[in-house]
Amino acid sequence: MNSEYKQDLRVRRTEESIRRAFAEMLLEMPYEKITVTELSKRAYINKKTFYRHYAVLDDLLQEIQREFAEPFAQLTAGLRYPDDVDAITREFLMYSAKQGPLYDAVISSGMHDDILTKVLNEMGAERYGIQNHPAGWDDNEWSIYIAHVTSSQVRVYRQWVQDGRKVPVNRMVALGVRLICGGAYLERGPKHTS
């Protein structure tokens, strides 16, 4: 093995150790309580080593946020509200279901709502920048529409995770799309008469 390869391998292992410790801590506590000192202890490195890889803890957080957001943004590039609300909702729920425990903690725990907001903004930055709201709607009305749709997507996914993922993924996605796009009216069977 050449020394350059060994160095590269050592750097990758250190970064993996940092990220693993960071993920563990995010699963246990709010981001605001995480310190570089404790993170370094858990990653079996010293603080100096951490700072060789990241200038500040926020840089590591932003890296994680981008890794959550960018694949979804690419997956849904070109889709727009309101025309593609069903496709965007379906993709969000399917994409979310394929992520791991850290993603679920950010989306579902409630202790990472600031991180969640940033991830969601990055997921839809391109989409939100293009205002193609229906004729007769102003920017404030459109803002309410976007808030409703995106928060509903998150709430459906959050509830599914909190309920232990008991509903099959495809059923959860179909139900989520139906509720978000069609409203809360459910088809009712025939009334029973006594």
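Quick rundown of the values:
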| read-out | value |
| --- | --- |
| Along the chain, longest interval not containing exposed chymotrypsin sites (Phe, Trp or Tyr not before Pro), exposed being DSSP loop plus at most 15 other Cβ atoms within 10 Å | 45-136 |
| Projected label distance in nm at Val56 and Arg13, using a 7 Å step from Cα toward the beta-carbon | 3.2 |
| Computed label-point distance, nm, for sites Glu28 and Gln99 using a 7 Å Cα→Cβ extension | 2.2 |
| Stretchable slack from Thr35 to Arg155, in nm (0.36 nm times residue separation minus alpha-carbon distance) | 40.2 nm |
| Answer label, with mean projected area of the Cα convex hull in nm² calculated from the coordinates and candidates (1) 14.8; (2) 10.8; (3) 16.5 | (3) |
| Label-point separation in nm, Ala77 to Ala174, each point 7 Å along Cα→Cβ | 3.2 |
| Rel. contact order, % - alpha carbon contacts under 8 angstrom, at least six apart, the chain | 22 |
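Values quoted throughout were computed directly from the atomic coordinates according to the rules given, and no laboratory measurement underlies them. Values in this document were obtained by computation on a predicted structure and should not be read as measured data. Ideal geometry is used to build each Cβ from the backbone, glycine not excepted, and the neighbour counts take in all protein chains shown.
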